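This report concerns only the one structure given below.
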Amino acid sequence: MAISTTFFSLLSIIFFSIFSSLTLAEDSHFFHKTISPKLLDLHKEKLSRLHFYFHDIVSGPNPTAVNVAQAQMTKTSPTAFGSVIMADDPLTSGPEPDSKLVGKAQGIYAFAAQDEVGLLMVMNFAFTEGKYNGSTLSVLGRNTVFSAVREITIVGGSGLFRFARGYAKAKTHTFDLKTGNAVVEYNVYVFHY
Ligand SMILES: *[C@@H]1O[C@H](CO)[C@@H](O)[C@H](O)[C@H]1NC(C)=O
């Protein structure tokens with residue numbers, strides 16, 4: 001009798017310590033631990049190229065980019081320094097405005113340079129096409145819009161683009177001096193899983 005009681009208490013101690021170490025692993029109070037990439041289903045990193053056209057429509061009845069702030073001196077600045085634009089610009093597979101929509105460029109571009117037209121771009125490319133629907137790429141880069149080709153940094157992503165990093169090559173396809181509307185060709189190169 002005494003032996004079996006001892007045995008059971010020993011068993012329960014063993015069981016309890018295994019159980020509590022399991023619950024410790026799930027403890028919501030832990031701050032840091034190293035985990036295996038496999039736990040997040042991360043296997044092999046790959047390199048993707050995306051190609052699309054960015055439509056920046058600033059005038060007409062349905063603008064997709066609007067001025068939300070500017071400085072007093074922006075009016076007299078030859079480079080529009082200080083102007084801040086909020087955009088929800090269509091991204092399409094071809095240069096025509098009615099070509100297939102693949103996503104939207106949502107965020108801010110601001111005129112951040114005084115000696116040339118140089119934009120600070122802080123935005124997300126929110127994709128809606130096929131398996132990329134719901135995935136995003138985050139842009140934090142510099143865009144000197146009158147340069148032939150601009151390299152813009154991709155700093156991260158979500159969904160299929162988790163852990164993304166890379167760059168976009170932006171090349172103006174058309175720029176209408178009268179309306180200010182622009183179509184820009186984007187070639188994006190990103191590493192992701
Ligand atoms: C993308 O996903 C949303 C929400 O899940 C869905 O409503 C929409 O129809 C999808 N779009 C395409 C083009 O598949």
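What are the residue pairs meeting all of these: first residue in region 168-180, first residue closer than 13 Å to Tyr53 by Cβ, second residue of a type in the set (Lys, Arg), Cβ atoms under 6 Å, and 6 or more apart or on different chains?
Ala170/Arg150
Among the residues of region 105-131, how many are open to solvent by 60 Å² or more (accessible area, probe 1.4 Å) and either within 16 Å of the ligand (Cβ to nearest atom) or free of Cβ contacts under 8 Å to residues at least 24 places away in the same chain (or both)?
Residues in region 105-131 being open to solvent by 60 Å² or more (accessible area, probe 1.4 Å) and either within 16 Å of the ligand (Cβ to nearest atom) or free of Cβ contacts under 8 Å to residues at least 24 places away in the same chain (or both): 7 in total.
Quick check: is even one residue across region 30-45 at pLDDT below 95, open to solvent by less than 40 Å² (accessible area, probe 1.4 Å) and assigned to a loop (DSSP other than H, G, I, E, B)?
yes
From the list Val145, Val149, Val102, exactly one residue is under 18 Å from the mean Cα position of the chain (by Cα), within 22 Å of Val188 (Cα to Cα) and of a type in the set (Val, Ile, Thr). Which is it?
Just one listed residue meets the conditions, Val102.
Specify the residue that is farthest from Pro78 (Cα to Cα); the eligible residues are those in region 134-161 that are part of a loop (DSSP other than H, G, I, E, B) and in contact with a Leu (Cβ under 8 Å, 6 or more places away or on another chain).
Ser135
Got a sec? Which of Leu140, Leu177 is at pLDDT below 95, open to solvent by 70 Å² or more (accessible area, probe 1.4 Å), assigned by TED's automatic domain parsing to the domain that holds Ile57 and at negative phi?
Leu177
Cβ-Cβ under 8 Å, sequence separation 6+ or interchain: first residue in region 48-68 and without any contact (Cβ under 8 Å) to a residue 12 or more places away in the chain, partner surrounded by 18 or more Cβ atoms within 10 Å (Cβ to Cβ) and not charged (D, E, K, R). Which pairs?
Qualifying pairs under 8 Å: Pro63/Ile57.
Which number in (1) without any contact (Cβ under 8 Å) to a residue 12 or more places away in the chain; (2) closer than 23 Å to Leu42 by Cα marks the one condition that Gly156 misses?
It fails just one condition, (1).
Considering only residues of region 82-104 that are free of Cβ contacts under 8 Å to residues at least 24 places away in the same chain and not in a strand (DSSP E or B), which is nearest to the ligand (Cβ to nearest atom)?
Top of the filtered list is Asp98.
The values are calculated or read from the model by the stated rules, or taken from the named source; none is laboratory data. Keep in mind it's a predicted model, so treat the numbers as computed, not measured. In this analysis, Cβ positions are derived from the backbone assuming ideal geometry, glycine residues included, and neighbour counts consider all displayed protein chains. Surface accessibility is based on the protein's heavy atoms, side chains included, excluding ligands, DNA and RNA. Shrake-Rupley method; radii C 1.70, N 1.55, O 1.52, S 1.80 Å.
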